[in-house]
């Protein structure tokens, strides 16, 4: 498995407020089960310490056009949604995801 691209803590801080807005609008889903059930995800952010098998499973979403990132500072995103204990956060396609993409920059890596 090729390693997932890493999203820096600084980039997570930049997109945190948008992820939080998505939590209120329903465009952000939290937790592995919710991400597994949700279709048409633009982004999935996973905790850096998540098990390799789960990271491999989530990386398969890339085939559907989902951008999947490993995030060292995932708490920056989960705190914004009010779900500090989760290890996976997904963002549905749409205007919110487009705004996140702009904040991450053209490369989508937030670097």
Pairing a residue in segment 74-99 that is within 18 Å of residue 48 (Cβ to Cβ) with any residue that is in a loop (DSSP other than H, G, I, E, B) and modelled with pLDDT under 90, where Cβ atoms lie under 8 Å and the two sit 6 or more apart in sequence or on different chains, gives 75/84; 78/84; 78/85
Checked 68, 35 against criteria (buried (at least 20 other Cβ atoms within 10 Å of the Cβ) and without any contact (Cβ under 8 Å) to a residue 60 or more places away in the chain); the one match is 35
Residues of segment 89-108 being within 14 Å of residue 16 (Cα to Cα) and surrounded by 13 or more Cβ atoms within 10 Å (Cβ to Cβ), in sequence order, are 89, 90, 91, 96, 97, 99, 100, 101, 103, 104
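The values are calculated or read from the model by the stated rules, or taken from the named source; none is laboratory data. Given the structure is predicted, the values throughout are model-derived calculations rather than measurements. Please note: Cβ atoms are built from the backbone with ideal geometry, for glycine as well, and neighbour counts cover all protein chains shown.
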